[in-house]
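Heads up: the structure comes next, in structure tokens.
The values are calculated or read from the model by the stated rules, or taken from the named source; none is laboratory data. No experiment lies behind these values; they were computed from the predicted model shown. Here the Cβ is made from the backbone with ideal geometry for all residues, glycine too, and neighbour counts use every protein chain on show. Side chains included, ligands, DNA and RNA excluded: accessible areas come from the protein's heavy atoms. Shrake-Rupley method; radii C 1.70, N 1.55, O 1.52, S 1.80 Å.
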Amino acid sequence: MSVQTVARRYASALVDVVLERGEAREVQDELLAWEKMFQTNSMLPEVFRNPTIALDKKRAVLNKLIERTKPGPTTANFLKVLLQNQRLTELSEINKKFAELLDERAGMVAAVVTTARSVPENAQQTLQAKLLSLTGKKVRISFVTDPELIGGLVTRIGSTVYDGSVRGQLARLKQELIEA
């Protein structure tokens, strides 16, 4: 089974629980902190991934970390379930799916807008309104700069890409000339 499929299943189950309990933001923040802890300490993923270390020892390490970080009960239980099912090292992918599913249930989509230069506030608001009318959903936009675009912008919403960059237009023109 692929990591994405597994991540979606765990994230979906967690979303059901946190929305029912009203703990979505709290649990999301705690899991992101755990993900960051795993990224900054390379030994942690190794310990939890290593098949030669007994599950009881891994459980002891996890319990000690839970004791120190003091996450809420929902987060702590979720981490224990991940450990029991040997999925703790996939926390990063689970967090991504968890955020996507929370947005989906809130009627929101995430968009990444790449531009050659930073976008002024009034243009950001205009783009927000256009994406709202395009998708019919609330849109959370992340802006990224890439000077290689030359000008224009590239917007990615899920797997859909809207390329209005000068670089993209030049590439399309080149392809048309090759095919002519």
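Would you work out what percent of the accessible area of region 1-106, with all protein chains in place, is carbon or sulfur (probe 1.4 Å)? Mind dumping the intermediate values first?
Values: 3180 of 6310 Å².
For region 1-106, the apolar C and S fraction of the accessible surface comes to 50 percent.
Quick one: what are the phi-derived ³J(HN,Hα) couplings along region 148-155, Karplus 6.51/-1.76/1.60 with θ = phi - 60°, whole Hz, x for glycine and proline? Each residue's phi maps through the Karplus curve to give 6, 5, 6, x, x, 8, 10, 10 Hz.
Within region 154-180, what residues put their amide N at less than 20 Å from the label point 7 Å along the Cα-to-Cβ vector of residue 112? Residues 154-169 fall inside that zone.
Where both bridge residues fall in the chain, DSSP classifies roughly 55% of the beta bridges as antiparallel.
I'd like to check one number: the per residue accessible area of region 103-180, probe 1.4 Å, reported in Å² as a whole number. Each step should come with its number before you reach the end.
Numbers: 5340 Å² over 78 residues.
Accessible surface, normalised per residue, equals 69 Å².
Between residue 35 and residue 179, the modelled labels are 3.8 nm apart [label points 7 Å from Cα along Cα→Cβ].
Close amide H pairs (under 5 Å, H built 1.01 Å from N) link residue 139 with 109, residues at least 5 positions away or on another chain. Against the chain, whose longest principal axis comes from its Cα atoms, helix 55-69 is set at around 70 degrees.
Of the cross-linked pairs 80/137; 96/130; 130/174; 70/97; 96/174; 36/138, those separated by over 32 Å at the C-alpha level are 80/137; 96/174.
If you take the Cα centroid of region 146-180 and the Cα centroid of region 111-133, the two points sit 17 Å apart. Rolling a 1.4 Å probe across all protein chains gives residue 56 an accessible area of roughly 110 Å². Between region 81-107 and region 1-76, how far is it from one alpha carbon centroid to the other, in angstrom? The two parts, judged by their Cα centres, are 9 Å apart.
Residues 119, 18, sorted by accessible area with the largest first, give 119, 18 [1.4 Å probe; ligands and nucleic acids excluded].
Once the Cα atoms are used to define both axes, helix 3-21 deviates from the longest principal axis of the chain by about 80 degrees.
Look at the dipole of region 1-97 built from charges on Cβ: of 63, 92, 15, the Cα furthest out on the positive end belongs to 63. For the chain, the relative contact order is 21 percent, taking Cα pairs closer than 8 Å that sit 6 or more residues apart in sequence and dividing their mean separation by the residue count. What is the helix-to-structure angle for 91-105, meaning the angle in degrees between its Cα long axis and the longest Cα principal axis of the chain, kept from 0 to 90 and rounded to the nearest 10? With both axes taken from Cα atoms, the answer is about 60 degrees. Placing +1 on each Lys and Arg Cβ and -1 on each Asp and Glu Cβ, with no other charges, gives the chain a dipole about its Cα centre of roughly 320 debye.
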